[in-house]
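Trainee: Sending over a structure as C-alpha cells; questions will come in a sec.
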Amino acid sequence: MKIYTKTGDAGETGLFGGGRVAKDDARVDAYGEVDELNATLGLARGFTLPQELDAMLHRLQDQLFTVGAVMATPAGTKASAHIPALKADWAEDMEHAIDRFESELPKMTHFILPGGTQGAAALHLARTVCRRAERRAVPLLRDGTIPKDVVVFLNRLSDLLFVMARVANHRANVQDVKWIPEKPSAS
C-alpha cells in the first residue's frame, strides 16, 4: 500500500466509512487537532519522565487514537461498527489519577507558567493542544456530529496533563514556575 494516493490533491479527504469533505471541514480540523495532541504526547514521552507517567501517556495515546477514529467516522455508516467505542471509565480513570497525583503535590498558591523539566514543559504543551482540540470538538458536539464522550475525554485529559506536568517537576525535584505578576505602576 502506498502512503500517497493523490486523492487529496484537490483539497478533499475521505472520511472513514465513506464520503468526501473539504480538508478544512470542521470535522477534519477537529480530528486533526486530536492527531496533533497524540503527537505531542509522543514528544513528551521522548523526554525523561517517571515510568508511571510514560506508561499512562502510552495508554492515553491508544485512547486518543480511538477518539480520533470516532471523530473521523460518520455515525450510522458500516464502518462505524468497526470503530471501538469510547469508554466512560476512561474519564473516571483520569479523575482517579488526578486525585492520586494531587495528593503528592504541594498545594498550589500561584498560577503556574509552563516550564520546569523538559518533560513537564512538553506536558504543558500537550495540555494546550488538548484545549484547542476540545474547542474544535465542541461545535461538532453541538451539531450532533460527535458523541459527548469525546468532549468529556478531552476536558478531563487537559486537567490530567496539567497535573502530570506538575508531578514530572515534583518527582524531579524541580520547582513549578510560579507566575508572579508585576505590580501595576501608579499613574
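Every read-out reported here was derived from the displayed coordinates using simple, explicitly stated rules and does not represent laboratory data. All figures in this text were calculated on a predicted structure; none of them were measured in a lab. No Cβ is skipped: glycine too gets one built from the backbone with ideal geometry, and neighbour counts run over all protein chains shown.
Trainee: Among Gly11, Pro106, Val138, flag the residue with its Cα farthest along the positive direction of the charge dipole of the chain, charges on Cβ as +1 for Lys/Arg and -1 for Asp/Glu.
Mentor: The residue sitting farthest along the positive end of the dipole is Gly11.
Trainee: Put +1 on the Cβ of each Lys and Arg and -1 on the Cβ of each Asp and Glu in the chain; which of Ala88, Pro50, Leu37 then has its Cα farthest toward the positive end of the dipole?
Mentor: Leu37
Trainee: Using θ = phi - 60° and the Karplus relation 6.51 cos²θ - 1.76 cosθ + 1.60, list the HN-Hα couplings for the stretch 36-53 in order, rounded to whole Hz, with x at every Gly or Pro.
Mentor: Couplings: 4, 4, 4, 5, 5, 5, x, 4, 4, 5, x, 8, 6, 10, x, 3, 4, 5 Hz.
Trainee: Related question: For the chain, what relative contact order do you get, as a whole percent, if you take Cα pairs closer than 8 Å and at least 6 residues apart?
Mentor: Contact order relative to length: 27 percent.
Trainee: Still on this structure, please answer the following. In debye, nearest 20, what is the charge dipole magnitude of the chain about its Cα centre with +1 on Lys and Arg Cβ and -1 on Asp and Glu Cβ, if you could check?
Mentor: Result for the chain is approximately 260 debye, rounded to the nearest 20.
Trainee: Apply the Karplus curve 6.51 cos²θ - 1.76 cosθ + 1.60, θ = phi - 60°, to the phi angles in the stretch 115-121 and return the couplings in whole Hz, x for Gly and Pro.
Mentor: 3J(HN,Hα) across the stretch 115-121, in whole Hz: x, x, 6, 4, x, 5, 4.
Trainee: Just the ratio, please: alpha-carbon radius of gyration of the chain over 2.2 N^0.38 Å, N its number of residues.
Mentor: Working: Rg = 18.8 Å, N = 187, 2.2 N^0.38 = 16.1 Å.
Taking the Cα Rg and dividing by 2.2 N^0.38 Å, one obtains 1.17.
Trainee: Let me ask something else. Would you be so kind as to identify which of Ser158, Val28, Ala75 lies farthest towards the positive end of the dipole of the stretch 16-175, taking Lys and Arg as +1 and Asp and Glu as -1 on Cβ and the Cα centre as origin?
Mentor: Val28
Trainee: Amide H to amide H, which residues 5 or more places from Ile112 or on other chains are under 5 Å from it, using H placed in the peptide plane?
Mentor: Amide H to amide H, under 5 Å and 5 or more residues apart or across chains, Ile112 pairs with Trp179.
Trainee: Sticking with this one: Can you tell me the orientation of helix 148-171 relative to the chain, as the angle in degrees between its alpha-carbon axis and the longest Cα principal axis, to the nearest 10?
Mentor: The helix 148-171 is inclined about 30 degrees to the chain.
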